[in-house]
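A short reminder: the numbers here are calculations on the coordinates, not readings from a lab. None of the values given here were measured: they were computed from a predicted structure. We place every Cβ from the backbone using ideal geometry, glycine too, and count neighbours over all the protein chains shown.
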Amino acid sequence: MLQRLIFHILGHLAADTACRLGGTLGVLAWRLGIRRRVVREQFESCLGLHGRRRAELMRLAYASTGAQFLQVWTIGGPDGPERHLEVLNPGWIRHIVRRHPGAVYITAHIGDWDMGAHGMTRFLPEMLAYAKAQHNDGMDLLLNRQRSATGLRIILVTPKDRTGAVLAVKALRRGAGLGLLPDQKPRDGTPAYFLNRPTYCWDGMVYFAAKAKVPIVPGLALRKRAGRSVLFMGRPIPSDGDHATVVQQCMDELTRMAFAHPGQYMWHHRRFSGDTPELPPRAPLPVTGR
């Protein structure tokens, strides 16, 4: 009951207010040391950062994550984030949709990923989001209700139940878009480099795209400032190549996103726990921004 009341109150805030509040709570979590060891280790091993520069970007990443988790509750409100989404080069996105009515759209937990999926509803008659269920059923219901308010249809990943996967492939074949966040640690997967580290990577985006004979399109929505974001879309990746090669191409695109904007990436997952696969050595992708 208290949870619903809190989210109800948040729903009446403007998106920029919720982002500032969430950012403040995120910085507080950083100062309290919540998941700080996990984040620090990944900044060191993936980005090679130490000292003041690492601390600055860690603080930004905590603030960005906090902003994202409060902003989502303002969707559909009096001044929700969907009112302040800018689409960069809509002509390019229309070109992609004309050539590929059905496609798998991938992004990472970076910036404003909810608004990234919402932005594609402006160009597609049907946009689905393939989402992992939360541990709390009540939270899951409320969160997916908010995401549905942006025009998305939510398909939940259910262990040992292929219903969602079948629905996703059928939707792609009839010309829908399918949004995925494939940067979390899978139970199993395909060995590939991600964030410059060899690891097992979720390969569902390649499975869905190859089954439906559609491409994979990388994109991201970056937060310009509190409550306002901008959507970028990249070049389609063909899905008919070697499975492991296509997985690596996708992971490289997600890595470039995180390395270009490390202060907006969610580094808080225990992404590299467990076994490490053996892969041929390769040159690391560069860190280019903040």
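Below is a table of values for the structure above.
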read-out: Filter result (surrounded by fewer than 24 Cβ atoms within 10 Å (Cβ to Cβ) and within 17 Å of LEU124 (Cβ to Cβ)) within region 218-235; value: PRO218, GLY219, PHE232, GLY234
read-out: Selection count, region 143-162, where residues are assigned to a helix (DSSP H, G or I) and of a type in the set (D, E, K, R); value: 2
read-out: ASP240 vs. criteria acidic (Asp, Glu) and either within 20 Å of the chain's Cα centre (by Cα) or farther than 22 Å from TYR105 by Cβ (or both); value: no
read-out: Filter result (acidic (Asp, Glu) and buried (at least 17 other Cβ atoms within 10 Å of the Cβ)) within region 34-91; value: GLU82
read-out: Residue check, GLY175 touching a residue at least 40 places away in the same chain (Cβ under 8 Å) and farther than 22 Å from THR65 by Cβ; value: yes
read-out: Criterion violated by MET205 - all others in (1) within 21 Å of VAL97 (Cα to Cα); (2) surrounded by fewer than 16 Cβ atoms within 10 Å (Cβ to Cβ) satisfied; value: (2)
read-out: Odd one out for ALA103 among (1) over 16 Å from GLY219 (Cα atoms); (2) surrounded by 14 or more Cβ atoms within 10 Å (Cβ to Cβ); value: (1)
